[in-house]
Ligand SMILES: C[S@@+](CC[C@H](N)C(=O)[O-])C[C@H]1O[C@@H](n2cnc3c(N)ncnc32)[C@H](O)[C@@H]1O
């Protein structure tokens, strides 16, 4: 499927994204460190610190990938589930867990789609997601599902790229990501579209303030946007309305 066709419908985006992450899964941690100039780990530490995790809380990390955020939340004592749509990502997360010695709490990794979660209402105190919301086939559906599985007063924390509002900043940012993404895709996979998906998905994303508006409309209060990297990235913090 071509990159443009990926955005034709929710179903085509779901299929494209799953295929993409299956392809890059084994190099995902390396690529993420490279593309973020080593900053990704720091942003995730900030997210987990802001999550204010309490021991024995029930936590869900969506689009968990190879498990970074889920492991950090579990290390703070939460009973944590990591969910992802890509089997290979889950296998890598499981392998990391198996290799870790003396981990505090073990994470339960599960296959699933964050627009249709296999949990009852109010099952979690905390939902986290790193680069999850921008990748879903249906943003409204995913936010509604997060609201459903959170307890009233439960917290959502999300880290993602932003879609900068000033047109000039956005143009330079997307151009940069397209050029770097194409080069990296060619070198690593002989396919320039592999990482051109990132700017393509940002173009179609409502951006940090658009996501904040949807969160408010879909059952969240105390919604905050924390700019990261001069606003090129952002963190969302929100509370499930009581
Ligand atoms: C960029 S990776 C982020 C991985 C991890 N959260 C991190 O921060 O490193 C995006 C992840 O979203 C997953 N994903 C995409 N669409 C999804 C969906 N609808 N439901 C669950 N996971 C999804 C992909 O399989 C991939 O592992």
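Quick check on this structure: which one of 45, 105 is farther than 27 Å from residue 215 by Cβ, in contact (Cβ under 8 Å) with a residue 12 or more places away in the chain and touching a helix residue (DSSP H, G or I) at 6+ places or on another chain (Cβ under 8 Å)? Please lay out each step first, then the result.
On the way: 45 fails: farther than 27 Å from residue 215 by Cβ.
It is 105.
If only residues of the stretch 176-200 that are in contact with a helix residue (DSSP H, G or I) (Cβ under 8 Å, 6 or more places away or on another chain) and under 20 Å from residue 230 (Cα atoms) are counted, the one that is nearest to the ligand (Cβ to nearest atom) is 198.
Every residue in the stretch 175-215 that is without any contact (Cβ under 8 Å) to a residue 40 or more places away in the chain, surrounded by fewer than 14 Cβ atoms within 10 Å (Cβ to Cβ) and in a helix (DSSP H, G or I), please. Those that are without any contact (Cβ under 8 Å) to a residue 40 or more places away in the chain, surrounded by fewer than 14 Cβ atoms within 10 Å (Cβ to Cβ) and in a helix (DSSP H, G or I): 175, 176, 179, 183, 187, 213. In the stretch 74-109, the residue that is nearest to residue 21 (Cα to Cα) out of those that are part of a strand (DSSP E or B) and within 16 Å of the ligand (Cβ to nearest atom) is 84. Looking across the stretch 114-126, just one residue is surrounded by fewer than 20 Cβ atoms within 10 Å (Cβ to Cβ) and in a strand (DSSP E or B), and that is 116. Residues that are away from the ligand (no atom under 11 Å from the Cβ), over 21 Å from residue 212 (Cα atoms) and touching a residue at least 40 places away in the same chain (Cβ under 8 Å) within the stretch 110-140 comprise 119, 123, listed in sequence order.
Does the stretch 55-73 include one or more residues that are assigned to a helix (DSSP H, G or I), touching a helix residue (DSSP H, G or I) at 6+ places or on another chain (Cβ under 9 Å) and away from the ligand (no atom under 12 Å from the Cβ)? The answer is no, given that none of the residues of the stretch 55-73 is assigned to a helix (DSSP H, G or I), touching a helix residue (DSSP H, G or I) at 6+ places or on another chain (Cβ under 9 Å) and away from the ligand (no atom under 12 Å from the Cβ). Tallying residues that are touching a helix residue (DSSP H, G or I) at 6+ places or on another chain (Cβ under 6 Å) and surrounded by fewer than 20 Cβ atoms within 10 Å (Cβ to Cβ) within the stretch 132-148 yields 1. For the stretch 72-90, a tally of residues being over 22 Å from residue 145 (Cβ atoms) and either touching a residue at least 60 places away in the same chain (Cβ under 8 Å) or surrounded by 24 or more Cβ atoms within 10 Å (Cβ to Cβ) (or both) returns 1.
Residues that are surrounded by fewer than 17 Cβ atoms within 10 Å (Cβ to Cβ) and not in a loop (DSSP other than H, G, I, E, B) within the stretch 8-22 comprise 10, 11, 12, 15, 19, 22, listed in sequence order. When residue 49 is tested against the conditions (1) under 15 Å from the mean Cα position of the chain (by Cα); (2) at pLDDT 95 or above; (3) surrounded by fewer than 17 Cβ atoms within 10 Å (Cβ to Cβ), the lone failure is (1).
The values are calculated or read from the model by the stated rules, or taken from the named source; none is laboratory data. Since this is a predicted model, take the numbers as computed values, not measurements. Reconstructed Cβ throughout: ideal geometry from the backbone, glycine too, with neighbour counts over all protein chains shown.
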